[in-house]
Each structure stands twice: as structure tokens, then as C-alpha cells.
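My structure is below; once you've seen it, I'll send some questions.
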Amino acid sequence: MKQGQILVVGMHRSGTSALTHLLSNMGANFGDLKDSIGANKENPKGFWERRDVRRLNDQILHALGCEWDTLTHFNLDSLSSDVRASFLQGAKEITGNLSLAGTSFVIKDPRVCLLLPLWLDALDNPLIVYIHRSPLEIAKSLSARNDFDLEFGLTLWEVYASHALATLGSVPSIFIDYKDLLNNELQQAQRLEEFFIEFGANDLGIPNPEELKGTVEASLRNQISSGNEDLMSSNQIALCKYINTLCEGATIQPDIKAVVPSMSDRDEGLLNLKKYSRVKFKYDELQSYKTSLKQRFNELEQHHLNTREKFKMQISELRDVNAELRYEKTLVSHLDPIARWIGKSKVIALFVKCLAPLSFNGHVQKLIGYHRELFELYSER
């Protein structure tokens with residue numbers, strides 16, 4: 001059995017998180033979930049993205065003067081040999097740590113589309129799982145999340161997809177259509193299992209129904225492609241159709257060329273300004289949230305102080321009640337012998353008997369009643 005070293009490859013917002021979740025349920029080692037970047041409202045089921053992978057990929061892009069969405073100057077070959085060796089060592093450390101478990105593992109980050117040559121150099125038995133989603137749906141999702149123009153979102157998709165396809169060559173790869181994953185995740189899991197067995201990763205299999213249930217939810221597909229095809233260039237349409245054939249089982253062609261976006265200084269400046277505006281908006285939101293948290297903290301602190309004072313008063317009242325009870329207990333202990341003597345004294349009993357003829361008097365009647373109660377009480381002790 002070979003250890004499958006799986007790279008999930010796909011553009012942002014293309015379903016890479018759902019696919020990685022499925023692969024994890026099939027037995028692929030993701031690592032400790034605490035090393036994941038977690039979940040948010042964009043991806044309520046989690047991004048299934050490791051912090052160390054994300055950090056390394058960002059460092060590589062920054063070294064090239066790029067961000068994930070600003071790629072005008074992107075050229076991986078422009079890295080010096082020393083810098084590239086340093087980044088390659090970082091990738092090998094990550095894959096080496098995941099290999100320690102002795103089972104197949106999975107790595108996912110959309111930036112891998114751009115940095116695939118470096119990651120492939122870090123692996124001995126790479127297996128590529130490429131996920132494809134309608135470019136228009138991706139562009140709409142990016143527009144909703146990042147306020148990108150649809151045309152810009154389509155250009156980003158073309159850059160990511162073309163770089164990935166230009167690198168794959170003869171690397172063992174399987175192509176999954178996002179809509180097929182949503183419509184029939186069991187069928188796609190079966191395709192994946194057959195692919196992994198073919199290349200020796202026999203420790204991966206179809207998860208049981210309970211694990212499979214809810215792994216991929218169609219309700220999380222917030223953007224559906226409809227119209228706007230005229231926004232796509234002829235090259236983008238051709239690339240999309242080509243990937244569709246790969247999802248149906250066609251062979252990868254070796255003549256795909258990576259696309260590098262061209263952008264004027266003005267357009268790049270406008271893009272950076274828009275990014276700054278988004279960051280500023282998020283910052284203002286966080287500041288507002290911070291203020292509300294501080295206000296809530298002050299309210300809780302005041303409530304704590306009020307509750308503390310209330311408890312102090314209650315404790316003081318309980319101490320007063322306890323002191324009264326102790327006083328009454330002491331008084332009763334002193335009066336008990338007198339009450340016992342009255343209840344059992346024959347002289348008093350004779351005196352009360354003599355008062356019987358006067359029982360028509362209310363006070364005398366009460367006195368006789370008290371004596372009877374005392375007599376009965378102390379006769380039982």
C-alpha cells in the first residue's frame with residue numbers, strides 16, 4: 001500500500017472545502033483540526049484549510065509581490081534558488097509531519113493552483129483531486145464575498161485554473177464537478193475510491209452512511225449560474241468546456257498555457273483601494289463590536305457588584321436570624337425546667353383542679369388549658 005499524498009486543487013469558492021471534508025471522511029489525514037483556520041458564515045462547515053499551509057502559500061505570494069487576488073506580477077520562476085529552496089523546505093516539513101501518521105493525507109488551499117510546481121516537488125506520491133465549478137458561479141460568489149466585479153472574478157478563475165492545468169501534466173489526477181458532488185456525493189466518493197485504489201492508496205474508502213450524510217449540503221450553494229455567459233471571453237469559455245470534458249474522463253492535454261492577468265497601474269491602484277475600503281469597513285465593524293463587548297462587560301461587572309452587595313445583605317440578615325434563634329434556644333433551655341415543674345407538680349395540679357368550678361371565666365379556662373398541655377407534653381418525655 002502506498003501513502004496517498006492528496007492535493008485538492010481548485011479556485012476559491014469552487015467547493016474545495018466540501019471536497020476536503022469528504023476526503024477526510026474517506027480516511028485521508030487532515031491533521032489536528034485545531035490547526036485548521038476554522039469556520040465562519042462564509043463556510044459554516046469549515047474551510048478545511050491548515051494554518052501552516054495557508055501561511056506558507058501567502059509567504060510565497062508575498063515574496064513575488066502578489067496577493068491571492070493581485071497577480072499582475074505573478075511568476076513563480078522569478079524566485080531565486082535560495083528563496084525557492086527555503087519555501088520548498090517549508091512544504092516538506094508540513095508534508096513530512098502529516099506523513100508521520102503512516103496514512104494517506106490531504107492538503108487543501110486554493111492558492112495551490114498557482115503554486116503547484118513547488119508543492120509537487122515536496123511530494124513522493126502526489127494525487128491530484130481537482131474540483132471544477134461554473135466560473136460564473138465562482139465570480140458571483142466572489143462578488144458577494146469580496147465585492148469584485150464579475151469580469152474580475154472570471155479573470156481570477158482563468159488564472160487559477162490555467163496555472164493548475166499547465167502544471168498537472170502526467171501527475172495522477174481526477175476531476176470532480178461541483179454540481180455532481182452536490183447532487184450525488186456517494187457516486188463521487190465511489191469515483192474517488194476507484195482512483196485511489198488504482199494508484200495504491202488502499203487505505204481510503206467510501207465512508208459509512210452516517211459519516212457521508214451532511215458532508216456536502218446543496219443548501220450551501222448560494223450562487224447558481226444563469227445567464228451572463230456573454231461576460232466570459234472566448235478563451236474562458238473554451239477553458240471551461242475543456243475542464244468539463246476532464247470531469248467526464250478525458251485526458252489532460254499538455255499544451256495548456258498559464259494565463260497571467262494584465263492590469264494597468266491605475267486599475268491595480270483602484271483594486272488596492274477597493275481592498276483597503278473592505279479592510280477599513282471590516283475594521284470599523286470590529287471596532288463597533290469591540291465597543292459593544294466593552295459595554296456588555298461593564299454591564300456584567302455592575303451586575304456582579306450588585307449581586308455581591310445583595311448577597312452581603314442576605315448573609316447579614318441570616319446572621320441576625322441565627323443570633324435570634326440562638327437567643328430563643330438559650331431562653332427555652334432556661335425556661336424548660338420551670339415549665340416541666342408546672343406540668344408535673346401535684347401542688348399546681350391540685351390548684352388547677354380547685355379552679356375547675358370557675359372555668360366559666362375565660363382567663364381561668366385558658367389557665368386550665370395551658371396546664372393540661374404542659375402536663376401532656378412532659379408526661380410523654
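Based on a Kirkwood Rh over C-alpha pairs, give the Stokes-Einstein translational diffusion coefficient of the range 150-217 at 20 °C and viscosity 1.002 mPa s in µm²/s.
D, rounded to a whole number, is 150 µm²/s.
Any idea what the alpha-carbon Rg over 2.2 N^0.38 Å comes to for the range 68-112?
It is 1.46.
From the C-alpha coordinates alone, can you work out the Kirkwood hydrodynamic radius of the range 31-151, in Å?
Details: mean 1/r = 0.0625 Å⁻¹.
Over the range 31-151, the inverse of the mean reciprocal pair distance is 16.0 Å.
Mind checking which aspartates and glutamates have their Cα closer than 17 Å to the Cα of K366? Skip sequence neighbours fewer than 8 apart in that chain.
E376
Could I ask something else about it? For the pair D255/E93, report the inter-label distance in nm, with labels modelled 7 Å from Cα in the Cβ direction.
4.3
Highest mean first, how do 230-237, 111-118 rank when packing is the count of other Cβ atoms within 10 Å averaged over residues?
So the order, starting with the most tightly packed, is 111-118, 230-237.
Now for a separate question. Measure up K2/K108; K140/K179; K2/K179; K92/K241; K34/K108 against 25 Å on the Cα-Cα distance and list the ones that go over.
Violating the 25 Å Cα-Cα cut-off are K2/K179; K92/K241.
Could you tell me whether the range 95-220 comes out rounded, prolate or oblate from its Cα gyration tensor? Rule is a ≥ b ≥ c as square roots of the eigenvalues, rounded for a/c under 1.5, then prolate if a/b exceeds b/c, otherwise oblate.
Judged from the Cα gyration tensor, the range 95-220 comes out oblate (a/c at least 1.5, b/c at or above a/b).
Something else about it: How do the peptides 66-73, 315-322, 13-20 rank, highest first, by the average count of neighbouring beta carbon atoms within 10 Å per residue?
13-20, 66-73, 315-322
Taken together, the values in this text are just the output of simple stated rules run on the coordinates, not laboratory data. Everything numeric here is computed off the predicted structure, so don't read it as measured data. Using ideal geometry, Cβ is built from the backbone for each residue, glycine included, and neighbour counts are taken over all protein chains shown.
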